[in-house]
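Undergrad: Mind looking over this structure? Questions follow.
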Amino acid sequence: DAKTTQPPSMDCAEGRAANLPCNHSTISGNEYVYWYRQIHSQGPQYIIHGLKNNETNEMASLIITEDRKSSTLILPHATLRDTAVYYCIVRAPLNTNAGKSTFGDGTTLTVKP
Amino acid sequence: DVKVTQSSRYLVKRTGEKVFLECVQDMDHENMFWYRQDPGLGLRLIYFSYDVKMKEKGDIPEGYSVSREKKERFSLILESASTNQTSMYLCASSTSQLNEKLFFGSGTQLSVL
C-alpha cells in the first residue's frame with residue numbers, strides 16, 4: 001500500500017470548515033483513499049473513501065486531485081465533537097487488504113469554540 | 001446499529017499471566033482483526049481471520065495467539081503476558097466484499113505489571 005503524509009496537527013474554529021490534507025504521491029491506479037477518525041478513548045471510525053471522483057456523504061466530503069497524488073477531507077461545519085485524530089489511508093480494494101491498512105499517526109484536529 | 005464489542009475496557013494483569021481479550025461482532029462479518037495501538041507507532045496488525053477456525057499472522061504476532069471458533073467471536077490470547085505488551089488493543093471486523101470498511105470496537109487498555 002502507498003504511504004501517506006499528513007500534518008501532525010491542525011486547529012479549526014467551531015462552525016467553520018475543516019480541511020485536512022493528505023499526500024499520497026506513490027498511490028497506484030487501483031488504490032483507494034480512505035479516511036477514518038479516532039475520538040479519544042474510542043476505536044477508529046470510518047468516514048469516507050474514494051478512487052478518483054470527489055465523494056460526499058453525511059459526515060464529510062473527499063476531494064481527490066486529478067493526478068491522485070493528494071486529497072483533502074472536508075468537514076463542512078466543524079463542531080467540538082469533531083475533535084479527533086484523522087487518518088488518511090490508501091489501499092487496493094482487495095478483500096485481503098481490508099485489515100492490513102496502515103494507520104500512521106494521522107492529523108490531530110482540534111475544534112475550538 | 002452495527003456493533004463490535006470488546007469484553008473489557010480496562011484490564012490489569014501480572015507478568016506471566018495468561019490473558020484473554022474477547023471481541024464479538026453482531027454484523028455477520030467474515031473478517032475479524034486484532035491490532036495494538038501505541039503512541040508514535042500507530043495501529044499495528046497482530047492477527048486476522050477470514051473465516052471460522054482460520055487465522056493468519058499480521059505484522060507483530062510474536063507473543064500472541066488467536067481463536068475463532070464461531071463467526072461472531074475472535075479472541076486474542078497472551079500466553080504469558082509481559083510488560084512490553086502493555087498497550088491499547090483494538091478489534092475490528094469487515095465483510096468479505098471488495099472495498100469494505102473496517103468497524104472497530106472501543107478498545108481494551110491492557111496494563112501488564
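The values are calculated or read from the model by the stated rules, or taken from the named source; none is laboratory data. Everything numeric here is computed off the predicted structure, so don't read it as measured data. Reconstructed Cβ throughout: ideal geometry from the backbone, glycine too, with neighbour counts over all protein chains shown. Ligands, DNA and RNA are excluded from the accessible area calculation, which covers all protein heavy atoms including side chains. Shrake-Rupley method; radii C 1.70, N 1.55, O 1.52, S 1.80 Å.
Undergrad: With the requirement that a residue be surrounded by fewer than 18 Cβ atoms within 10 Å (Cβ to Cβ) and in contact with a Leu (Cβ under 8 Å, 6 or more places away or on another chain), what does segment B:23-64 give you?
TA: Residues satisfying the conditions are B:Asp59, B:Ile60, B:Gly63.
Undergrad: A:Thr107: over 20 Å from B:Gln97 (Cβ atoms) and open to solvent by 70 Å² or more (accessible area, probe 1.4 Å), yes or no?
TA: When the stated conditions are applied, A:Thr107 does not pass them.
Undergrad: Still on this structure, please answer the following. For segment A:1-81, which strands (runs of 3 or more DSSP E) that fit wholly inside it have 3 or more residues that are over 13 Å from A:Thr108 (Cα atoms) and open to solvent by less than 90 Å² (accessible area, probe 1.4 Å)?
TA: A:32-38, A:45-50, A:61-64, A:70-75
Undergrad: Name the pairs: first residue in segment B:42-64 and within 12 Å of chain A (Cβ to nearest Cβ) and touching a residue at least 24 places away in the same chain (Cβ under 8 Å), second residue surrounded by fewer than 19 Cβ atoms within 10 Å (Cβ to Cβ) and among the β-branched types (Val, Ile, Thr), Cβ to Cβ under 9 Å, at least 6 apart or on different chains?
TA: Filtered contacts from segment B:42-64: B:Leu43/A:Thr102; B:Ile46/B:Ile60; B:Tyr50/A:Thr96.
Undergrad: Taking into account only those residues within segment B:77-95 that are part of a strand (DSSP E or B) and open to solvent by 10 Å² or more (accessible area, probe 1.4 Å), which is nearest to the other protein chains (Cβ to nearest Cβ)?
TA: B:Met88
Undergrad: Among the residues of segment A:17-32, what is the count of those that are of a type in the set (A, V, I, L, M, F, W, C), over 15 Å from A:Gly50 (Cα atoms) and either in contact with a helix residue (DSSP H, G or I) (Cβ under 9 Å, 6 or more places away or on another chain) or modelled with pLDDT under 95 (or both)?
TA: Qualifying residue count, segment A:17-32: 1.
Undergrad: Here is a follow-up. Of the residues in segment A:82-95, how many are more than 22 Å from B:Tyr89 (Cα to Cα) and buried (at least 21 other Cβ atoms within 10 Å of the Cβ)?
TA: Selection size over segment A:82-95: 2.
Rundown of residues vs (1) under 23 Å from B:Leu43 (Cβ atoms); (2) at pLDDT below 95, yes/no style:
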{"residue": "A:Lys3", "(1), (2)": "yes, yes"}
{"residue": "A:Ser9", "(1), (2)": "yes, no"}
{"residue": "A:Glu14", "(1), (2)": "no, no"}
{"residue": "A:Tyr34", "(1), (2)": "yes, yes"}
{"residue": "A:Ser41", "(1), (2)": "yes, yes"}
{"residue": "A:Pro44", "(1), (2)": "yes, yes"}
{"residue": "A:Gly50", "(1), (2)": "yes, yes"}
{"residue": "A:Thr72", "(1), (2)": "yes, no"}
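Undergrad: Report yes if B:Leu98 is of a type outside the set (Asp, Glu), outside any helix (DSSP H, G or I), without any contact (Cβ under 8 Å) to a residue 60 or more places away in the chain and within 9 Å of chain A (Cβ to nearest Cβ), otherwise no.
TA: Considered against the rule, which asks whether it is of a type outside the set (Asp, Glu), outside any helix (DSSP H, G or I), without any contact (Cβ under 8 Å) to a residue 60 or more places away in the chain and within 9 Å of chain A (Cβ to nearest Cβ), B:Leu98 comes out as yes.
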